[in-house]
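See structure below.
Just so it is clear, none of the values below were taken in a lab; they were calculated from the coordinates. Because the structure is predicted, anything quoted here is derived from the model rather than measured. Backbone-built Cβ (ideal geometry, glycine too); neighbour counts: all protein chains shown.
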Amino acid sequence: MKGHPLSYSSLPFSSLLGSSSLPGTSVSAPHPLAPYGWDAEWEAEFAPYAAQGLLPGRVVRVDRGQCDVVTADGTVRADTEFVTPRDPLKVICTGDWAVVDPAGGDPRYVRAYLPRRTSFVRSTSSKRSEGQILAANVDHSIIAVSLAAELDLGRIERFLALGWESGGQPVVVLTKADLVPDAATLAHLVQDVETAAPGVQVLTVSAASGQGVDVLAAVVSNGTSVLLGQSGAGKSTLANALAGADVMEVQAIRDVDGKGRHTTTTRNLLPLPAGGVLIDTPGLRGVGLWDAETGVGQVFAEIEELAEDCRFHDCAHTAEPGCAVLAAVEDGTLPERRLDSYRKLIRENQRIVAKTDLLAPRGAAARMAAEDGGGARGGGDQAGARALSSGGSGLWGAAGRSWLSAQFPAPLRTLSAVSEFRQPGRPRGSTMEA
Ligand SMILES: Nc1nc2c(ncn2[C@@H]2O[C@H](COP(=O)(O)OP(=O)(O)OP(=O)(O)O)[C@@H](O)[C@H]2O)c(=O)[nH]1
Ligand SMILES: [Mg+2]
Ligand SMILES: [Zn+2]
């Protein structure tokens with residue numbers, strides 16, 4: 001990352017409270033954080049902190065126990081100690097709206113972050129079945145898939161399930177289209193991906209030739225988008241094309257095996273010149289589902305629709321008489337691969353949900369905080385407690401929440417949430433993904 005195209009170092013904090021908070025003003029200058037997605041709703045949620053003289057800012061990068069937060073006063077380097085609880089889903093993340101100390105303190109701390117509207121979460125590839133948040137407050141999950149390698153539709157479906165579950169709109173971008181010069185071949189590949197992605201836009205782009213970049217630019221010009229995919233897929237190259245500047249480092253893939261070199265090691269948020277905000281992320285080797293039942297259902301929407309015509313309400317579509325899904329496979333309207341993939345992801349999701357439910361006593365604090373806005377930093381101020389909640393959609397399924405409500409009366413839940421946040425020992429170091 002070579003610095004930000006936009007900087008507000010010359011703007012005083014007072015301008016932040018300016019136009020939109022003054023009653024009766026009709027002509028208003030754009031808010032200095034508007035290019036980063038700041039809106040009236042964020043402003044309203046931030047009001048209790050503004051009253052304490054704290055600054056709002058968007059997290060553009062998190063690394064080594066600190067983060068870069070873009071505020072109306074420019075980019076601030078702040079310590080993340082208070083927003084790095086044990087629960088990895090609640091650790092502050094690129095895309096969060098942070099509550100930062102005013103100038104003067106050394107170090108300056110992030111005191112809290114505003115409740116997330118959406119969050120892209122996967123389970124880590126390790127066996128610990130922990131969730132990991134990859135980006136906060138995203139409107140579009142851009143799944144970047146290289147056309148230079150063989151397409152893995154199952155992998156795309158897995159990304160899409162998490163994309164839907166995040167609460168944003170997923171989009172598939174097939175990169176390096178210049179490497180598939182034959183138009184008919186390209187059309188076939190797109191068609192294959194489209195069958196795996198109902199309700200999802202599938203774009204082909206080439207950063208090398210510029211083909212399709214304008215269409216993607218239009219998609220990302222609204223709200224916040226996160227670029228996700230394997231190392232070497234061309235995410236940073238696209239980020240640079242969209243940003244109109246070489247802000248992200250790019251490296252050739254390895255000759256030996258054609259794999260990427262994990263060039264990007266932190267998640268970086270960039271404001272785009274044509275509007276919109278983009279988060280470039282490190283390449284992912286794998287993405288495990290994370291309580292993504294709804295997301296899986298959306299990826300396989302046509303199967304769920306067919307299932308409504310099965311004779312039995314709880315049909316497993318294996319050998320049941322009157323199964324509409326098997327009939328569709330039989331007559332060729334539903335590819336068998338889709339059904340196999342659907343079953344596989346449903347099973348995987350059930351496994352991860354079962355595992356995390358077993359871990360419930362430890363995970364309970366996380367759930368309750370997500371549920372009732374609990375969680376607090378040491379000082380115990382109420383606004384801080386509220387803001388530490390990360391109750392965005394997609395973190396926990398409805399089943400998890402009702403389990404929790406049944407186990408704990410509300411006051412106890414709040415207490416446990418507080419102790420969860422007081423745990424010492426935060427992970428430090430690079431956020432390079434596995
Ligand atoms: N032919 C061709 N090569 C491309 C295109 N886009 C990217 N590349 C190449 O692909 C390689 C990897 O690109 P990156 O942008 O670094 O990939 P990345 O997805 O950011 O990789 P990580 O940061 O490791 O996750 C580089 O050599 C790029 O030049 C394209 O449109 N066409
Ligand atoms: Mg990169
Ligand atoms: Zn059936």
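Structure notes:
- Global geometry of region 137-280, whether rounded, prolate or oblate, following the gyration tensor of its Cα atoms and the 1.5 cut on a/c: rounded
- Taking label positions 7 Å along the Cα-Cβ direction at both Glu308 and Ser28, the computed distance is 4.2 nm, reported to one decimal.
- Taking other C-beta atoms within 10 angstrom as a stand-in for reagent exposure, Lys90, Lys344, Lys235 fall in the order Lys344, Lys90, Lys235, fewest first.
- Judged by the mean number of other Cβ atoms found within 10 Å, the most tightly packed of the peptides 302-309, 155-162 leads the ranking 155-162, 302-309.
- Pairwise inverse Cα distances across region 14-113, averaged and inverted, put the Kirkwood hydrodynamic radius at 13.9 Å.
- Listed peptides 198-205, 48-55, 166-173, 252-259 by packing density, highest first (mean Cβ within 10 Å): 166-173, 198-205, 48-55, 252-259
- Extension gain, Ala319 to Ala218, is 31.8 nm, computed as 0.36 nm per intervening residue step minus the present C-alpha separation.
- Cβ crowding within 10 Å, taken as a proxy for footprinting-reagent exposure, orders Phe120, Phe300, Phe46 from fewest neighbours to most as Phe46, Phe300, Phe120.
- Full extension of the chain between Gln251 and Ala40 yields a length gain of 72.0 nm, computed as 0.36 nm times the residue separation minus the alpha carbon distance.
- The share of C-alpha pairs in region 300-358 whose separation exceeds 17 Å stands at 40 percent.
- For Trp97, Trp38, Trp290, order by how many other beta-carbon atoms lie within 10 Å, fewest first: Trp38, Trp97, Trp290
- Flagged links, alpha-carbon separation over 22 Å, of Lys176/Lys344; Lys259/Lys355; Lys235/Lys259; Lys90/Lys355: Lys176/Lys344; Lys259/Lys355
- Amide hydrogen neighbours beyond the local backbone of Gly57, cut-off 5 Å, H modeled: Ala98, Val100
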